[in-house]
Amino acid sequence: MSYVAIRGALSRVGGISNTSKMPCWSFNLDARGCGVGKILANIKGTICEVCYALGGRYPTPVVRAAQERRRQKLDSPTWVQDMAHIINTRERRTPKSAGGYFRWFDSGDIVDQAMLDNIIEVCKLTPRVSHWLPTKEYETVAKNKTPIPENLCIRVSAVFVDGKPPQWASENDELATSTVHNANAARGKICYAARRDHKCGMCRACWGSSVNNVSYPMT
């Protein structure tokens, strides 16, 4: 696509994000609009109670305005095609260490089944890119009947700090999970981004469906 065409696609989806930790581009929404997360944020001991996306740069007016633009564009009839064009173009123009990856929801979560279906379709149209989608929208994921492509890692998150991931997700071959640990409760692959100035570095475990569980330390 031409530069003008890419700008048009970005405008129609409300733009994408580029966080300092991620080795790639991502897509986010306002965490205050999370269906499950906004409930858990008021429950002591949950991961959402200490959600990073409710602090730092996320609450600034510029970021919130961008997130609202994205939410308003979700029903665009060309959303799937535009997102696929943007991601494929980034993949071709970015070094392979970053261009071959994409993260969904560094803030926010799946809105509904229609959005999950659209994301799955975007992943099918971007076969050279590995996608990571962390989520606490258990009901939407559990009821999903749309086949999940191999290049999409849906990583279902635990609810409580030091808690176990949901058993139904752990037993589903199409899904992966994640936990947050304090003290010595780590499970599976430990995320060491905190030791690398809170950056992924060359690690891509979160994007790998073969990594059953990634455990993030409380920092």
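The values are calculated or read from the model by the stated rules, or taken from the named source; none is laboratory data. For clarity, every value in this text was computed on a predicted model and none was experimentally measured. Methodologically, a virtual Cβ is constructed for each residue, glycine included, from the backbone with ideal geometry; neighbour enumeration extends over all protein chains shown. Surface areas here come from the heavy atoms of the whole protein model, side chains and all, with no ligands, DNA or RNA. Shrake-Rupley method; radii C 1.70, N 1.55, O 1.52, S 1.80 Å.
Let me confirm something: among 172, 184, which residue is modelled with pLDDT of 95 or more and part of a loop (DSSP other than H, G, I, E, B)? After applying the criteria, what remains is 172. For residue 57, the conditions (1) charged (D, E, K, R); (2) touching a residue at least 24 places away in the same chain (Cβ under 8 Å); (3) under 30 Å from residue 160 (Cβ atoms) all hold with the exception of (2). Looking at the range 144-165 only, could you name the residues that are in a loop (DSSP other than H, G, I, E, B) and hydrophobic (A, V, I, L, M, F, W, C)? Selection gives 148, 158, 159, 161.
Scanning the range 77-88 for residues that are touching a residue at least 12 places away in the same chain (Cβ under 8 Å) and loosely packed, with under 15 Cβ neighbours inside 10 Å yields a single hit, 78.
Out of the residues in the range 11-59 that are among the polar types (S, T, N, Q) and open to solvent by 50 Å² or more (accessible area, probe 1.4 Å), which is modelled with the lowest pLDDT? For the range 11-59, the residue satisfying everything is 20.
When residues of the range 159-197 are filtered for being touching a residue at least 40 places away in the same chain (Cβ under 8 Å) and hydroxyl-bearing (Ser, Thr, Tyr), how many remain? Within the range 159-197, residues that are touching a residue at least 40 places away in the same chain (Cβ under 8 Å) and hydroxyl-bearing (Ser, Thr, Tyr) number 2. Filter the range 156-195 down to residues that are closer than 21 Å to residue 35 by Cβ and exposed (fewer than 15 other Cβ atoms within 10 Å of the Cβ), then give me how many there are. Residues meeting the conditions: 1. Within the range 103-139, being in a loop (DSSP other than H, G, I, E, B), of a type outside the set (Ser, Thr, Tyr) and within 11 Å of the chain's Cα centre (by Cα) holds for 105, 106, 108, 109, 110, 136.
No other residue among 149, 134 is open to solvent by less than 60 Å² (accessible area, probe 1.4 Å) and within 14 Å of residue 212 (Cα to Cα) apart from 134. Among residues of the range 134-153 that are at pLDDT below 95, none has a Cβ under 8 angstrom from a residue that is surrounded by 20 or more Cβ atoms within 10 Å (Cβ to Cβ) at a sequence gap of 6+ or on a separate chain.
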